[in-house]
Structure formats: C-alpha cells, structure tokens
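Worksheet: the structure to be examined is printed underneath.
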Amino acid sequence: MPASISTAEAVAVAVDDRVKEYQGDAAARQAAEPRKTGGKSDSSAPRLKPLDIKAPDRIGRYTIGKRIGSGTCGVVHLAEDELLRRTVAIKLSPVGETNISTGKVPGAQRAYQTEIVAAGQLAHPNIVTVFDAGQYEDLNYLVMEVVEGSSLKEFGKGRELLPVHRALEVIVDCCTALDYSHRRGILHRDIKPANIMLGKDGSVKILDFGIAVGLRDIGGLNRHGPTLGTPNYMSPEQILGHELGAASDFYSLGTVLFEMLTGRQLFKARKVKELFRTVVQQPAPRLDEVNPSMEKGLADVLAKALAKKPKDRFQSGREMAQAIEPWIENYRLVEERPNAQLRFIRQLQKQAFFEGFSDVEVARLLEIVTVRSFSAGEVLVAAGDAERRLFIITDGMARRERDGQLVEVVGEGAAVGAEAFVNGAPEPESTQAMTTVNALELTSDALSNLPPRIHLRYFRHISSLLARQSAGAASLQPDCAL
C-alpha cells in the first residue's frame, strides 16, 4: 500500500470494490433465500425480483403441491413423496449453462450445485435434511424435509421477541450445527434470521447452504467465492473479500442474536456502500447499552462474537455455546416465574440493598434465601452474635443499638449482620424489630452456591456496606443504612 494512502482510505477503496462486485454480479445474488411473494426487501440490499417458475404437476415420484416460498434463486413447493408416503419441500431452480468464454456459472445453478455438495457432507439434527436432488427438463430440484414452524424473521426486527432464555437456546443449537458443519469443512456464509427455522416442536434448523464455501479442499466446493451474503449479517472480512474462517459464521450468528434480544438490526443504512463501511469501520453497539435490561456478562459474550478481528471472536461453535449456556438458566429463572414473583423482584430492585442489581441477580438470590418474619420486640441480630448470616429487611422498621444506646432506625432495603457475615466477627450492635419486620435471611454458605460472578458481586456489595457502616454510616438516610 503506498505511503500516501491511509488505512481508512484503503478500507474505503476495498469496500467500494466489494460493493461493485456485490451489486454487479446479479446472477450470483440469486443465492438469496426463498421468501414469500410480496414480502418487503431490505432497503439496504439490491432489489432483485423473485423468480417466477411454473412448477410441473409432478416430478418423478413427487406430486407437487402449493407454493410456500419464492426467491431470487427459485421457488419452494410442498410435495408428496408417493413412495415413502411423506410430505416434503421441493426447491425448484432453472438449469444454468456455464458460460464457455468466461467460465462463470449462473448464480442459481451454482447455489444448487453447492447445496448438493453440502447435503452429501452434512447430517445433523439442527440442519435441514436434503433427501433427494436431480434435474427435470429445464429445472433443478432439491427435496428437503418440511419444518413446520417459522423462521427467526418472525421474532426479530419490529416483531414480538422470543423470551431471552429461548433465544439463547436457539443460538446454542445453531452453534452446535455450525460447529459440526465447520468440522466437516463447510462454512455457511449466509447465517441470518430467514435461514434459521424454529419448528412448532421446538426444533431448530439451519437451512440454505447455497453460497457455502469450503474451509478446506472438498470436491465440488470452492474455498473462495464472490462477495455474497446478506449485507446486514455479513462479517467485516466477508465484506472485504478476505479469506474466511469459522469466526465469520459466528459473527453473523452474533448479529442474529443481537437482533433477537433488541428487536433491531446491528447496523442500519440506506445504501449498501454505507452499510458496508459501517460494518467494517464502526464498533458494534453493546447489547446492554441498546437494551439496558440485558446482563453485562451476556453483553460481553455478544461483544466477543461481534469483534471486528476474526482472531478476537469465538473460534468454534463449542466455545461460543459454552459462553452462552450459563445465561440460559439465569434468564429462565426470571422469565418462567409467576407474575407475582416478578412483581416482588421489581419491588426489591427499588430498595437500597438491591439497587443496581439485575432481574437475574435478584432472582438468583431469592433461590437461596429464607424468608423470615419478626414480631415487634423480636431480635434479628444480637450483639456478640458471630453467625455468618445477613438479614435484608424488605418491610417494617427496626432499631440498631450499641451498649443500650440507639444508633439508628432502619427500614426496608437495610441489611443487618454484615460484620459477622463478612468477617465472622461478633456483631458490635443488636437489631430489634420495632414493627412487624419481613426479611430475607442469607447465609455465607448459601451465597457460595451462586454462580461465581453473581456470588462475587453480592459479596463485594455487602463488604462495601460494612465499610460504610464502619466509617460512620449513621449519617446515611434511614433506607440506605445498615
């Protein structure tokens, strides 16, 4: 690169070249997924008309039924396999002849050939199964399993979102499928919501390997290909035309997860050139900044998937799945709770002790505490008590005394017993209920059963409360005092 050209200028030139390649190769763009006739196309992508193929009534043993999708590479119909007596999906595309002078293969034909190669290599419960393929007159056909359900397009941008734990489960299944595909030497290259099916039975299926490339030499599958994909979900290196590795698919999968958790696409632009430059040059927005209800730890996982440099991302589906899996149970714990319990969590978050703690963190603590009730005059913590337990007052008033003298009156959101809880040392003060007091009893042993990150966060919080108390927390507001 000449010294007079900056890195930014070089990137701009590379992006411009890729845009020309992307927009100019209309035939190659036929690898887009089938979509319902009349559907709105993405304003940032070139608008290509779906092929209008008249399907025959019958192809071999398959009786052709109604059309269920159409796209720029062909149409998809339901069909009946009369030999095996089952309903299948049959994808039809025009046979394309190789250009003798240029050697180029029309996009729809290339997609068909690529899917056949992929089908011969892949057999996985999270990848749509291809049963049969062939040519009938001037049509290529691909026979696949029918997935009764809908694609993730129904749960993303501008639509009702899946519960967080369910969205994470779907992505983990995709990680498993891609890990398998990559180990078989095949890079999908077009991971997006429309290519991920969620069955009514809960199954998750990745489909459409029409623009896949090889991660190693596989007969019939190129290791390199033209700049293809769906702009909103392409990785920076895919846009720039660089050699691709597994991390490219995980970037695309990260964009899908971002959309499922926020209801918006990662980047938006009116034109392909603008979008490509943004993807290549701008850092991805953080999940917890776009959707503040999301956990920072989960946002960190997604940030890794969306890193600009492939080496900074997850290198395998197994690695990405393992990073996501702990969050599934965390969010399930919240989302599957009865409404009354969710309201209690929201109530606690308004109290001083739980201020700044997420739904998941509060729900996790509620799993390990004991709910206690004290009548007026009962002692919560006695002076000299060294038992490692903490009482978090959720309702009522209590008085803290030292040597028979009132130190302060505390109420909801206060925590008492921090000295013994943190240090195992005798409590210097006693705490007695003035009214009926409801409190959450937390023991040190129970806290240690929480996931390490949440355990550490609570322990630091309690230690901080103790430090403020030792420094003279009597000056704090009653609802913030220990």
Practice prompt. Mind jotting down a quarter of the surface of the convex hull over the alpha carbons of the range 334-482, in square nanometres, one decimal?
Written response: 8.2 nm²
Worksheet item: In nm, to one decimal, how far is the Thr436 label point from the Leu161 one, both placed 7 Å along Cα→Cβ?
Response: 3.9 nm
Item to complete: For Glu335 paired with Ile368, estimate the spin-label separation in nm (one decimal), with each label point 7 Å from Cα along the Cα-to-Cβ line.
Response: 2.4 nm
Worksheet, complete the sentence: Checked the range 259-324 against the a/c 1.5 cut and the a/b vs b/c comparison, axes a ≥ b ≥ c from its Cα gyration tensor; verdict oblate
Worksheet item: If you stretched the chain out fully between Lys304 and Ser470, how much longer would it get, using 0.36 nm times the residue separation minus the C-alpha to C-alpha distance?
Response: 55.7 nm
Worksheet item: Order of 300-310, 205-215, 164-174 by packing, highest average Cβ count within 10 Å first?
Response: 205-215, 164-174, 300-310
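With a cut-off of at most 16 other beta carbons within 10 Å, and DSSP calling the residue loop, which GluC sites (Glu not before Pro) in the range 229-296 qualify? Please list them. Please list the in-between numbers first.
Values: sites: Glu237, Glu243, Glu259, Glu274, Glu289, Glu295; in loops: Glu243, Glu295.
Those satisfying the criteria are Glu243.
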Item to complete: Rank the residues Val117, Val334, Val409 as a footprinting-exposure proxy: fewest other Cβ atoms within 10 Å of their Cβ go first.
Response: Val409, Val117, Val334
Practice prompt. With unit charges on the beta carbon (Lys/Arg positive, Asp/Glu negative), name the residue among Val280, Phe374, Asn339 whose Cα is farthest towards the positive pole of the charge dipole of the range 253-377.
Written response: Val280
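If packing is taken as the mean number of other Cβ atoms within 10 Å per residue, what is the order of 366-377, 424-435, highest first? It would help to have the intermediate numbers written out before the result.
Numbers: 366-377: 13.6, 424-435: 17.2.
Most protected by this proxy first, the peptides run 424-435, 366-377.
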Worksheet, complete the sentence: Here the gain from full extension of Arg67 to Glu145, 0.36 nm per residue of separation minus their alpha-carbon distance, amounts to 26.6 nm
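No lab work stands behind these numbers, since they all come straight from the coordinates. As the structure is a prediction and not an experimental result, all values here were calculated from the model. So basically every Cβ, Gly included, is an ideal-geometry build from the backbone, and we count neighbours across all protein chains shown.
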